[in-house]
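The values are calculated or read from the model by the stated rules, or taken from the named source; none is laboratory data. This one's a predicted model, so the numbers in the text were calculated from it and none came from an experiment. Here the Cβ positions follow ideal geometry from the backbone for every residue, glycine too, while neighbour counts run over all protein chains shown.
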Ligand code: SF4
Ligand code: SF4
């Protein structure tokens with residue numbers, strides 16, 4: 001497929017130009033999750049928060065048109081003053097758009113990219129529709145492909161089913177095998193939910209040892225129990241993760257990781273925590289003091305404050321009428337991001353691990369603090385335990401990095417402790433009963 005001619009371009013509807021004066025509140029770089037098929041998916045995962053978004057656009061075909069794709073890519077590239085830009089596709093299931101949509105996106109990137117501007121392509125998929133043709137494109141353009149999988153078959157298939165309620169594990173792994181055959185970069189995105197929350201090591205070791213994953217992201221399922229699909233109400237479905245179980249899950253994975261996988265397996269929660277212990281901004285928005293630089297683009301050009309807030313109250317505007325950079329810089333979006341800090345309850349402001357947690361994501365802040373103040377994160381108990389547990393070893397890794405050493409030397413620190421000495425993690429337990437380094 002080739003790009004349109006000049007005449008085609010002239011026939012395109014006019015779309016907003018980059019403002020001649022950049023709004024002072026515009027972020028230099030930001031993240032857009034684009035949903036070319038809106039919420040439409042070939043599967044029917046029971047906990048998916050996005051399937052209910054179909055009700056926002058009744059009667060819609062849910063397909064991003066070529067004109068909008070052109071507008072989107074142009075605005076995204078010209079809005080960034082940073083040299084790196086990420087183009088991130090998500091859904092619903094973005095591969096339902098077909099390969100040609102993505103070929104065209106890549107051509108448009110080449111058309112609009114400024115000299116020196118580098119672009120990373122990412123796509124989050126359930127993997128079930130991948131083919132050789134797909135994988136050739138993904139490999140050629142160095143896509144980073146996120147595969148949604150929740151653990152070994154029995155755990156994955158508990159909620160990740162198709163429209164007929166049938167299991168999907170085999171189809172996901174068939175897609176993953178194709179990615180591997182074509183040497184496409186991939187990572188795992190695993191939700192932690194009521195079905196797998198008590199099996200952290202089964203899940204982690206399965207990804208590491210059976211699938212060979214080197215990047216594993218865990219997402220806690222906190223699904224509000226209401227009919228709107230919006231972030232409303234203060235009860236959760238029984239598919240949601242239990243707060244304490246979430247903490248235990250992350251602690252168990254951390255202890256496994258820190259005794260042998262530092263530097264070879266990457267878990268974003270741990271990277272973000274290490275940044276916080278170093279006094280640097282964390283790489284995950286949920287742990288930042290403020291947010292607001294990660295928006296969601298719907299198939300029709302509607303831009304929302306965040307992927308988790310695709311609801312009318314958080315609609316910023318439409319990029320075919322207002323340039324994306326103005327929507328990012330708008331008072332509405334800046335207020336959305338600042339509210340993460342400004343609505344933090346006193347309980348969080350006085351919390352010892354606030355520097356790492358920052359109240360996590362506002363979407364999960366719907367419980368009361370012990371003294372009755374609203375706005376506490378549903379997952380608080382788990383996060384408090386997790387961040388407290390990792391403190392000692394995070395301090396060691398941060399100290400190593402400050403001395404221009406490597407974080408994975410923490411394994412040597414642990415290995416050198418005498419079996420009956422106190423564990424270097426600071427737990428007060430003997431090393432042999434605490435963090436014992438794995439041997440090959
Ligand atoms: S609302 Fe949550 S997920 Fe969205 S940008 Fe803010 S912290 Fe990130
Ligand atoms: S651990 Fe709990 S109290 Fe502490 S910052 Fe996080 S949500 Fe707030």
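If I ask for residues that are outside any loop (DSSP other than H, G, I, E, B), touching a residue at least 60 places away in the same chain (Cβ under 8 Å) and in contact with a helix residue (DSSP H, G or I) (Cβ under 9 Å, 6 or more places away or on another chain), which ones from the range 149-164 would you list?
162
Could you give me the residue pairs with C-beta distances under 6 Å whose first residue belongs to the range 197-216 and is assigned to a strand (DSSP E or B), whose second residue is surrounded by 18 or more Cβ atoms within 10 Å (Cβ to Cβ) wherever it lies, and which are 6+ apart or on separate chains?
If the second residue must be surrounded by 18 or more Cβ atoms within 10 Å (Cβ to Cβ), the pairs left are 215/187; 216/188; 216/207; 216/267.
So which of 420, 404, 364, 377 ends up being crowded, with 17+ Cβ neighbours inside 10 Å and either in contact (Cβ under 8 Å) with a residue 60 or more places away in the chain or more than 24 Å from residue 224 (Cβ to Cβ) (or both)?
On inspection, the qualifying residue turns out to be 364.
Do we find that residue 95 is assigned to a loop (DSSP other than H, G, I, E, B), within 24 Å of the chain's Cα centre (by Cα) and without any contact (Cβ under 8 Å) to a residue 60 or more places away in the chain in this structure?
So residue 95 fails the test.
Filter the range 89-100 down to residues that are out of contact with any helix residue (DSSP H, G or I) (no Cβ under 7 Å at 6 or more places or on another chain) and surrounded by fewer than 21 Cβ atoms within 10 Å (Cβ to Cβ) and give me whichever is farthest from residue 163 (Cα to Cα).
So, considering only residues that are out of contact with any helix residue (DSSP H, G or I) (no Cβ under 7 Å at 6 or more places or on another chain) and surrounded by fewer than 21 Cβ atoms within 10 Å (Cβ to Cβ), the one farthest from residue 163 (Cα to Cα) is 100.
Checking the structure you have, find out if any residue of the range 304-326 is under 30 Å from residue 393 (Cα atoms), more than 11 Å from ligand 1 (Cβ to nearest atom) and free of Cβ contacts under 8 Å to residues at least 40 places away in the same chain.
No: the range 304-326 contains no residue that is under 30 Å from residue 393 (Cα atoms), more than 11 Å from ligand 1 (Cβ to nearest atom) and free of Cβ contacts under 8 Å to residues at least 40 places away in the same chain.
Is it true that residue 420 is more than 22 Å from residue 265 (Cα to Cα) and either touching a strand residue (DSSP E or B) at 6+ places or on another chain (Cβ under 7 Å) or within 16 Å of ligand 1 (Cβ to nearest atom) (or both)?
Taking the combined requirement at face value, the residue satisfies it.
Based on what the data block shows, is residue 249 buried (at least 21 other Cβ atoms within 10 Å of the Cβ) and away from ligand 1 (no atom under 16 Å from the Cβ)?
In short, yes.
For the range 255-271, does any single residue satisfy the condition of being touching a helix residue (DSSP H, G or I) at 6+ places or on another chain (Cβ under 6 Å), modelled with pLDDT under 95 and not in a helix (DSSP H, G or I)?
There is no residue in the range 255-271 that is touching a helix residue (DSSP H, G or I) at 6+ places or on another chain (Cβ under 6 Å), modelled with pLDDT under 95 and not in a helix (DSSP H, G or I).
I'm trying to understand the selection: among the residues of the range 347-365, which are under 20 Å from residue 306 (Cβ atoms), within 9 Å of ligand 2 (Cβ to nearest atom) and either touching a strand residue (DSSP E or B) at 6+ places or on another chain (Cβ under 9 Å) or assigned to a helix (DSSP H, G or I) (or both)?
348, 357, 359, 360, 364, 365, listed by residue number.
Determine if the range 218-230 includes at least one residue that is outside any loop (DSSP other than H, G, I, E, B), out of contact with any helix residue (DSSP H, G or I) (no Cβ under 6 Å at 6 or more places or on another chain) and modelled with pLDDT under 95.
For the range 218-230, residues outside any loop (DSSP other than H, G, I, E, B), out of contact with any helix residue (DSSP H, G or I) (no Cβ under 6 Å at 6 or more places or on another chain) and modelled with pLDDT under 95: present.
Restricting attention to the range 293-310, report how many residues are crowded, with 23+ Cβ neighbours inside 10 Å and either modelled with pLDDT under 95 or over 13 Å from the mean Cα position of the chain (by Cα) (or both).
So the count comes out to 7.
For the range 99-138, which positions are part of a loop (DSSP other than H, G, I, E, B) and more than 23 Å from the chain's Cα centre (by Cα)?
Hits for the range 99-138 are 113, 114, 115, 116, 117, 131.
Among the residues that make up the range 330-345, is at least one of them touching a residue at least 12 places away in the same chain (Cβ under 8 Å) and within 8 Å of ligand 2 (Cβ to nearest atom)?
yes
Among the residues of the range 260-274, which ones are buried (at least 19 other Cβ atoms within 10 Å of the Cβ) and either within 16 Å of ligand 1 (Cβ to nearest atom) or within 18 Å of residue 355 (Cβ to Cβ) (or both)?
Within the range 260-274, 268, 269, 270, 272, 273, 274 meet the criteria.
Of the numbered conditions (1) assigned to a loop (DSSP other than H, G, I, E, B); (2) modelled with pLDDT of 90 or more; (3) touching a helix residue (DSSP H, G or I) at 6+ places or on another chain (Cβ under 8 Å), residue 47 satisfies every one except a single condition; which is it?
That leaves (2) as the condition not met.
From 376, 344, which residue is in a strand (DSSP E or B), within 16 Å of ligand 1 (Cβ to nearest atom) and closer than 30 Å to residue 427 by Cβ?
None of the other options fit; the residue is 376.
What is the one condition in (1) more than 16 Å from ligand 2 (Cβ to nearest atom); (2) part of a loop (DSSP other than H, G, I, E, B); (3) closer than 20 Å to residue 27 by Cβ that residue 316 does not satisfy?
Only one criterion is unmet by residue 316, namely (2).
Could you grab me the full set of residues in the range 263-292 that are over 16 Å from residue 387 (Cα atoms) and touching a strand residue (DSSP E or B) at 6+ places or on another chain (Cβ under 9 Å)?
265, 266, 285
Only one of 392, 382 is touching a helix residue (DSSP H, G or I) at 6+ places or on another chain (Cβ under 6 Å), more than 16 Å from ligand 1 (Cβ to nearest atom) and not in a loop (DSSP other than H, G, I, E, B); which?
Unique residue meeting the criteria: 382.
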